[in-house]
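Undergrad: Starting off with a structure, shown below.
Bear in mind these aren't lab numbers, they're just calculated from the coordinates by the rules spelled out. Keep in mind that this is a model prediction, so the values were computed, not measured. Note that we place each Cβ from the backbone using ideal geometry, even for glycine, and neighbour counts take in every protein chain shown.
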Amino acid sequence: MPTTLASYFSRQFLLAVMVALAGLTGLGSLFDLIDLLRRAASRPDATFTLVSEMAALRVPWLLMQILPFAVLLGGIYAFWRLTRSSELIVTRAAGVSIWQILGAPFLVALLVGGFATAIISPISSVTYARATALDDQYLKVGAGPLTVNGGQLWLRQSDTGLIPDGIAIIHAAGVSVRGKVLSARQVSVFRLDGHDRLLERIEAKNGRLIGGAWIFGDARTLEPGHLPSAPGRIRMPTDLTIARVQESFASPDTLSVWELPGFISLLSRSGFSTVSHRLYFQTLLSLPLLCGTMSLVAAGFSMRPARRGHVAQMLLSGAAAGFALFVISKVAAEYGKSGSLPPMLAAWAPAASGLMLALALLLHLEDG
């Protein structure tokens, strides 16, 4: 297809998608603000300015959630308007196939999804983390990821203090975070070799995570076949930080696509579950394909000439089909979080299956 024509269709499609995205994001932000105001009604220190800041900080995250549906609605409007003005009919009469026409909008949808994953995702993770921190501080009682976990902390880390491939399993109770110090009481540390054989055990009345090391106070060392050591202070290096411990309990939405691979590796070494983080990472990677699928679904239901009738029914069917695909992707994500589906399959299967169904629909309508 000529470059000028492809550029024109791309601009029309992109403009419609941006308008739909702005409208849906604005509507969603309004409802989010109303919900925050309702929750803040019983909190005297939660002012309207603070609540408005929280709602504004959640806008990039909301935009990421709405983007696929915005591509669908924007695509339906763009293709319907081009069909109603007979621009698509004239283009096809000139010998341009439907696949050439859809190539440019499909590529634009992929680029929009890729831009959201690579650029908007890091912004969203920072603002959403700040909004969550404000929510925990002002709108929730006894909030915080460690509080939700009952103040209990279980983790595993590499431990080369005794042998090169050593492992340390740490359990702490009464965990709290103040500033840049994580404090705990009744800490137990099991130091194992690479074959999970116990080398020694540390029992401490208190412990702190600070400066890249665990500092255990009033601690005793117990080794097989030896008497307990005298109480003292023990320092054990670690690659964990307070932020990473908190993030392991927090939502993966607070991490960008660039941070997730390294953080998932750290969680695996520390013994935390990585299912939700791996699922979120694969969901971000599959977002461009999902956006491209939505553009083809929109085309399949909105390029019917008005003289054939039932145009409104086709448009509503397209919106319903896209919404169903959107819901299916969320349901698959829930199955992925529960472990019923592998994270990669849960993230990619809805987009891939939707793409095949959209291609089948276009083949049936245009070439069948």
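Undergrad: So how tilted is helix 48-57 from the main axis of the chain? Cα-based, degrees 0 to 90, rounded to 10.
TA: Orientation of helix 48-57: about 70 degrees from the principal axis.
Undergrad: Using only Cα atoms, tell me the angle between helix 275-302 and the longest principal axis of the chain; keep it within 0 to 90° and round to the nearest 10.
TA: 10 degrees
Undergrad: Using +1 on the beta carbon of Lys and Arg, -1 on that of Asp and Glu, and nothing else charged, what's the dipole of the stretch 1-101 about the Cα centre, debye to 20? Don't skip to the end; give the middle numbers.
TA: Values: 8 positive and 5 negative charges, 47 e Å.
It comes to approximately 220 debye.
Undergrad: Percent of Cα-Cα pairs more than 22 Å apart in the stretch 149-250, please. Show your work: numbers first, answer last.
TA: Numbers: 1332 of 5151 pairs.
Of the Cα pairs, 26 percent sit more than 22 Å apart.
Undergrad: How far is the Cα center of the stretch 39-83 from the Cα center of the stretch 318-360, in Å?
TA: Computed from Cα coordinates, the inter-centre distance equals 22 Å.
Undergrad: What list do you get for 356, 294 if you sort them by fewest beta carbons within 10 Å?
TA: Values: 356 11, 294 32.
Taking fewest neighbouring Cβ atoms as first place, the list is 356, 294.
Undergrad: On to the next question. How much net charge surrounds residue 13 when only the other residues with a Cβ under 13 Å from the Cβ of residue 13 are counted, with Lys and Arg +1 and Asp and Glu -1? Show your work: numbers first, answer last.
TA: Working: positive: 11, 81; negative: 87.
Around residue 13, the charge tally is +1.
Undergrad: Give the cross-link partners of residue 205 among the aspartates and glutamates, using a straight C-alpha distance below 14 Å as the criterion and excluding same-chain residues fewer than 8 apart.
TA: 218
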